[in-house]
Amino acid sequence: MSSVAAASPFGRFLDEAIAADREAGPGLGPDALYGLYTSWCLITHSPAAPPRVLFKALKDLHGISPTSNALAMTGPAATDYILASAPNVT
């Protein structure tokens, strides 16, 4: 990753909230990827870009496809996303 790409908000998102999936699973789909991104934006007080802007930046800057990747969630944004996505159990 170039220093320009790493310095971008999308590069920071990848560094802080994404891990390579060590098991050959399906990776993150577009909904989960964008949900994780919005959780990361909330936690880091960063403005969220629309999905099409995020997906284009990930593809153009990092070669990451929102539909076919081997990515996994990690860090506080992953916890926030998982808890926010869980059904209300009361």
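The values are calculated or read from the model by the stated rules, or taken from the named source; none is laboratory data. Given the structure is predicted, the values throughout are model-derived calculations rather than measurements. Cβ: placed from backbone, ideal geometry, glycine included. Neighbour counts: every protein chain shown.
Residue 42 fulfils the conditions (1) assigned to a loop (DSSP other than H, G, I, E, B); (2) over 12 Å from the mean Cα position of the chain (by Cα); (3) of a type in the set (A, V, I, L, M, F, W, C) except for a single criterion, (1). Only residues that are touching a helix residue (DSSP H, G or I) at 6+ places or on another chain (Cβ under 8 Å) and either outside any helix (DSSP H, G or I) or closer than 21 Å to residue 20 by Cβ (or both) were counted in the range 45-68, giving 14.
What are the residues in the range 45-77 that are among the β-branched types (Val, Ile, Thr) and over 12 Å from the mean Cα position of the chain (by Cα), if any? 53, 67, listed by residue number. Sub-6 Å Cβ pairs linking a first residue in the range 2-19 that is under 19 Å from residue 70 (Cα atoms) and crowded, with 16+ Cβ neighbours inside 10 Å to a second residue that is modelled with pLDDT of 90 or more and among the hydrophobic types (A, V, I, L, M, F, W, C), at least 6 apart or interchain, are 10/57; 13/40; 17/36; 17/40; 17/77; 18/71, ordered by first then second residue.
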